[in-house]
Amino acid sequence: QNSVQSKLKRHLDTKHHGLSSKDIEYFKRLKAQNVKQNQQMMSCVRVSEKAQEASFLVAELTVKSKKPHNIAESLILPACKKIVGVMIGEDAVKETDKIPLSDNMIKCHIDEMAADIETQLTEKLNKTRKFALQIDDSTDCSRDCHLLASVLYTDGELIMENFYFFLQRTTETFNRDGVASMTGKVKGLVTMVKNQNPDVQITHCMLHREALVAKAMPPDLTVALKQAVKIHCQNEPSSSLSRGKALSRVYELRDELRQFSTEHDIPHKEQINDNSWWAKIAYLTDIFSHLNELNTKMQGKNENILTATDKLNGFKAKLKLWQKILKNKNTDMFPLTAEDPVHKTPERFEFYFPAANENFDWVRDPFIPLLSESAKMLSIKAQEELVGLCLDHSLKLKFGEMSSDEFWLHLAFSSLAYVKNKKKAAPVSGTRSTSCPILNLPPYQEAECHAFKKFGNHCTRTSFPHAISSLNS
């Protein structure tokens, strides 16, 4: 109704009576002038594609270096101006001023790249169909609980690993040690996943089970450990605790602590001057050094459940050997210990790691004697294929040149190429993955720059929180 000609005429005469006598050409010129002013304004505030690309590159460097977002504007840009001014000239310095590097812009670019990486990863997982999902939660120094997820999947002829998402949990939570309470039989993530897919294989974190073994100590050793940690915290910065060296540091300073306790009234003064207490600390230092070494060996890019199981079995064999050696009063494997007691540790390992993955020996070495015990768990069809594989000398030569995961992927893709060429059928989903190098997906910066070009120097989008955007937010 407001577009009725009579109403528009009345509005012009009453509200803009000074313009009511103007002809139509005046209003056309006025409209063209407003359009031209808008175009000039947009040309002043619009960021060039090159400047936007440079801003994305700086944001990527910032998040990879785990630095605060304002470092781009406070350090990188001034340093860039100095370098460009010396190497090229002052005219080039003016071009660097066009690069948007504010902390808010850097954060916005990081969110955009994180969303793009998540989209890429989701597409790859949908194509792969079979992948491994690892989920863990942790609490940081500010007592905020975070949930992290990473995925293991096949991409072409490679096995890849990437973070999938990173969430901050806002609910009040509590945690109890123990494998049963972590995996859950009635409720929890494991039960929810199995309700959706009963064939999913669930594996509890081996590092956590190994830590539970370390916690299952006799009461007197547990008390001694807590006392040593308390003494350490009173005299040393807490950074040493994160490196697993608290016990060794306390034992190194035993003479200094004895002398200090004679001059000052400090907690646990009686224990510091007790030789039997120091014998317990010596044993704890030795056994925890072995456990820390085992923990380190079970981590890395090429680790998988098979290699970790082999290392755990090797450590359990060491424990049994140490028991026999200790009966002869030989403590060479515990250089700080006068005598014993490790008799409970092997039992705890057997409790938390009851069965080794011996049924997968054919994965470690597919050229073992035909139809060994480890291969009898396979179906008849799989056993027939394994028999043919064992007699293939060309594949046997390649097995010695490749890692285990590369060999099985090579074999799978060779079969897939045959199916596509011979049968002209669509490819099936990939093989199960076991271990991989961690390779990050690069963000599609050109697409992101094109999207930002539409909005000028303003961040207009918000993104789901991701691992890459939460490092320094």
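The values are calculated or read from the model by the stated rules, or taken from the named source; none is laboratory data. Keep in mind the model is a prediction, meaning the values are calculated, not measured. A quick note on method: Cβ atoms are made from the backbone with ideal geometry, for glycine too, and the neighbour counts reach across all protein chains shown.
Each residue in region 117-154 was checked for being surrounded by fewer than 20 Cβ atoms within 10 Å (Cβ to Cβ), among the acidic types (Asp, Glu) and not in a strand (DSSP E or B), and 3 pass.
What do you reckon, is residue 103 at pLDDT 85 or above, surrounded by 13 or more Cβ atoms within 10 Å (Cβ to Cβ) and at negative phi?
In short, yes.
Look at region 249-264: where a residue is polar (S, T, N, Q) and a partner is surrounded by 15 or more Cβ atoms within 10 Å (Cβ to Cβ), sitting 6+ places away or on another chain with Cβ atoms under 7 Å, you get 261/269; 261/272.
Collect the residues in region 97-122 that are of a type outside the set (D, E, K, R), within 23 Å of residue 133 (Cα to Cα) and in contact (Cβ under 8 Å) with a residue 40 or more places away in the chain, keeping them in residue-number order. If you could, list the steps in order and put the result at the bottom.
From region 97-122, those of a type outside the set (D, E, K, R) are 99-102, 104-106, 108-110, 113-115, 117, 119-122; that's our starting set.
When the remaining residues are screened for being within 23 Å of residue 133 (Cα to Cα), the result is 113-115, 117, 119-122.
Hits for region 97-122 are 113, 114, 115, 117, 120, 121.
Yes/no per residue for (1) modelled with pLDDT of 75 or more; (2) closer than 23 Å to residue 308 by Cβ; (3) part of a helix (DSSP H, G or I); (4) not hydroxyl-bearing (Ser, Thr, Tyr):
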| residue | (1), (2), (3), (4) |
| --- | --- |
| 202 | no, yes, no, yes |
| 208 | no, yes, yes, yes |
| 225 | yes, no, yes, yes |
| 231 | yes, no, yes, yes |
| 234 | no, no, yes, yes |
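Every condition in (1) closer than 30 Å to residue 151 by Cα; (2) modelled with pLDDT of 90 or more; (3) among the aliphatic types (A, V, I, L, M) is met by residue 79 except one, and the failing one is (1). Among the residues of region 56-75, those that are in a helix (DSSP H, G or I) and buried (at least 17 other Cβ atoms within 10 Å of the Cβ) comprise 56, 58, 59, 60, 62, 63, 71, 72, 73.
Scanning region 255-298 for residues that are within 24 Å of residue 309 (Cα to Cα) and of a type in the set (S, T, N, Q) yields 289, 292, 295, 296. Reported count of residues in region 76-113, each being farther than 25 Å from residue 66 by Cα and touching a Lys or Arg at 6+ places or on another chain (Cβ under 7 Å), is 1.
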